[in-house]
Amino acid sequence: MMNNCLIVHIPDKQPHDLHHQPTESVFASIIDPKHANQIVRRLNQIAPLEDLRHVKRIQKKVLEGGQIQLLVILCLVSEGNNQFDSMPSHLQELISSYQLSPFITKVCKYAATSKEEWHEQCKFWPTSYHPRTYNIDGITGFSEEDSQSVLKFMQSALELATSDGLVVNAAVIVDPSAKQIISSACDQIFVWNTCNDDSCSRKPELFCSHTIISGKCDSHETLHSNNSSNQLKQPYTSVSCLYPQQWAEHQSHSRSLYYFHPLRHAAMVAIESSAARDRCLFPGKENSEAKYLELDGENSSWTSSHAKRQKIACANGEYVEKLNAHSHTSDQPPARPYLCTGYDIYLVWEPCAMCAMALVHQRIRRIFYAFPNPNAGALGSVHRLQGEKSLNHHYAVFRVLLPEEALHRCYI
Amino acid sequence: MMTSPEILTFMDLAIQQAKLAMDALEVPVGCVIVEDGKVIASGRNRTTETRNATRHAEMEAIDVLLGQWQKNGLSMTEVSENFSNCSLYVTCEPCIMCASALSILGIKEVFYGCSNDKFGGCGSILSLHLSNTTPLNNSEVPPGKSFKCTGGIMASEAVLLFRTFYEQGNPNAPKPHRPLARQA
């Protein structure tokens, strides 16, 4: 049995200790409720709380006897200077004209990411809490059946990553509703130049010899882990997302024996294959991508009426066969997805910033990876793209802690 | 600071590429890559046509170069050396993906038009052009090289293209100033 795998959600933000929320000092004061409107309006002009939008400007306290007391935040306490006279002159005028008596108090520095956090925060000063507006399956946990499926797909990514003797990263894009693999690929930084046909380099064939690359890739690297904690001891220098710069270090002895492309990381190649599949399965349809607005997500008025019709020749009949096979079992033609909407990707290693952003662009729904990437990982290790609010698409990220047997299987 | 006429000339060529993208009903972003004062590659957005949202102008131009250089028999070391002599002129700030790619390739310098408040990887959201200066957990191999980056070159032209593109797609919008794609 190997169902003891753990799937850990990697949240949008580095979580804070619930009871040790980072705080910021502010000047506050009790105000007369009669003046609340005027004061807040004036404060928003002269001292807006730019980085503390989650903090409520006014706190309402009900005192004994039902009397209501209002407190307002005046401004941040500038670092190392907690004197009242350090406040800007506009504020000092406001203080004297309403006869306020400022005091220093603490508010929470970051917006709450959970209800529990929010409750803790309000003990300092009230904040607002906006629960995530999207809910992606798995964030709240996986059923036994779903984790089996996750493990199975991760297993195939792992096998792909080690299939050629040299350990590289591998990517498997999956349609979870049909439990079907859409495309899969390994890193293709180096590919044997066996033919000049353009389509050749697009096949997920791997560079598979150690002889033309000298140096750090000579040793056999296996997914060997010496302990049960999924900590990898070896450097795995051929994994492109771990060492994106590595390509430039290679001393090539022979020219034009192989094709190389420093940006063909597994995820990029898998996206390309899924796009090729889309063009083959759904040639010349009205483009739903015409709605694709890269820089202005709010503008939804773009219609597809002018969308360009395309003719794309399938390099081989593979996709068409798959389509036929599919329609054989079902009367309805498969619905055409917009890019990779609704699809998951399984990666052996946490992707670098290039790959992680590519997966945002291609609208991947969930990312599963097995090993973190402390050198260049963009989903929690170095950057955390899933928490970048400004992006027009957000995926959920999970780490799959593999059971020992799964790793042992990949010994070479 | 005055922008040199050379920079404006190259940015104008990038704008021409962006216009080609718009004519093909793509989000209008274009670029050129320059080595020793000469344009050696150009590219424009092809995300709609390819159904591959990673086919940004920069990626298109990079692929042209990699193809050419390898056809000419250049080794990896030589390709890496060549990129370190290249400047990119692009109408919009490179996104996080492209900025990261440019850092992996080790490009010398980037000039861009308007900034990219949602996806920008050269200062707006992340600063991948400074990748060498960020502390690394494991500093044996930096994930990328830093490159010089200058924004705001002919930004209003780049913004105008975006605006025209969105208006062109709106059936209720007034007739656009420039003709729609000249297709049969």
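Brief remarks follow.
- Considering region A:332-361, and only residues there that are more than 14 Å from chain B (Cβ to nearest Cβ) and in contact with a helix residue (DSSP H, G or I) (Cβ under 7 Å, 6 or more places away or on another chain), the residue that is farthest from residue A:283 (Cα to Cα) turns out to be A:348.
- Residue match in region A:299-315 (condition: loosely packed, with under 14 Cβ neighbours inside 10 Å and either farther than 19 Å from residue B:51 by Cβ or at pLDDT 95 or above (or both)): yes
- Residue within region A:343-355 that is surrounded by fewer than 24 Cβ atoms within 10 Å (Cβ to Cβ) and either modelled with pLDDT of 95 or more or not in a helix (DSSP H, G or I) (or both) present: yes
- The set of residues from region A:111-132 being outside any loop (DSSP other than H, G, I, E, B) and of a type in the set (S, T, N, Q) comprises A:121, A:127.
- Of all residues in region A:373-401 being in contact with a Phe, Trp or Tyr (Cβ under 8 Å, 6 or more places away or on another chain) and free of Cβ contacts under 8 Å to residues at least 60 places away in the same chain, the one that is farthest from the other protein chains (Cβ to nearest Cβ): A:391
- Helices (runs of 4 or more DSSP H) fully within region B:57-127 counting 1 or more residues that are surrounded by fewer than 24 Cβ atoms within 10 Å (Cβ to Cβ): B:57-71, B:76-83
- For residue A:7, the conditions (1) modelled with pLDDT of 90 or more; (2) within 26 Å of the chain's Cα centre (by Cα); (3) assigned to a loop (DSSP other than H, G, I, E, B) are fulfilled apart from (3).
- Matching residues in region A:22-81 - criterion: being in contact with a Phe, Trp or Tyr (Cβ under 9 Å, 6 or more places away or on another chain), part of a strand (DSSP E or B) and among the β-branched types (Val, Ile, Thr): A:23, A:26, A:30, A:31, A:55, A:73
- Boolean, residue A:113 is modelled with pLDDT under 85, under 28 Å from residue A:404 (Cα atoms) and under 20 Å from the mean Cα position of the chain (by Cα): no
- Residue B:3 farther than 26 Å from residue A:338 by Cβ, part of a loop (DSSP other than H, G, I, E, B) and of a type in the set (S, T, N, Q): yes
- Flag if residue B:39 is without any contact (Cβ under 8 Å) to a residue 40 or more places away in the chain, more than 8 Å from chain A (Cβ to nearest Cβ), open to solvent by 10 Å² or more (accessible area, probe 1.4 Å) and assigned to a strand (DSSP E or B): yes
- Filter result for residue A:408 (within 9 Å of the chain's Cα centre (by Cα) and away from chain B (no Cβ under 12 Å)): no
- Among the residues of this structure, residue A:100 counts as one that is at pLDDT 90 or above and part of a loop (DSSP other than H, G, I, E, B).
- Every condition in (1) within 25 Å of residue A:271 (Cβ to Cβ); (2) among the β-branched types (Val, Ile, Thr); (3) more than 14 Å from chain A (Cβ to nearest Cβ); (4) free of Cβ contacts under 8 Å to residues at least 40 places away in the same chain is met by residue B:48 except one, and the failing one is (3).
- Of the criteria (1) open to solvent by 20 Å² or more (accessible area, probe 1.4 Å); (2) over 18 Å from residue A:263 (Cβ atoms), which one residue B:145 fails: (2)
- Hits in region A:1-58 - residues which are among the polar types (S, T, N, Q) and open to solvent by 90 Å² or more (accessible area, probe 1.4 Å): A:4, A:14, A:37, A:38, A:45
- Residues considered: B:81, B:26, B:58. Of these, the only one that is within 10 Å of the chain's Cα centre (by Cα) and acidic (Asp, Glu) is B:58.
- Residues located in region A:140-196, provided they are more than 17 Å from residue A:408 (Cα to Cα), open to solvent by 10 Å² or more (accessible area, probe 1.4 Å) and part of a helix (DSSP H, G or I): A:144, A:145, A:146, A:147, A:148, A:149
The values are calculated or read from the model by the stated rules, or taken from the named source; none is laboratory data. This is a predicted model, so every value here is computed, not measured. A quick note on method: Cβ atoms are made from the backbone with ideal geometry, for glycine too, and the neighbour counts reach across all protein chains shown. Areas reflect the complete protein model, heavy atoms only, side chains present, ligands, DNA and RNA absent. Shrake-Rupley method; radii C 1.70, N 1.55, O 1.52, S 1.80 Å.
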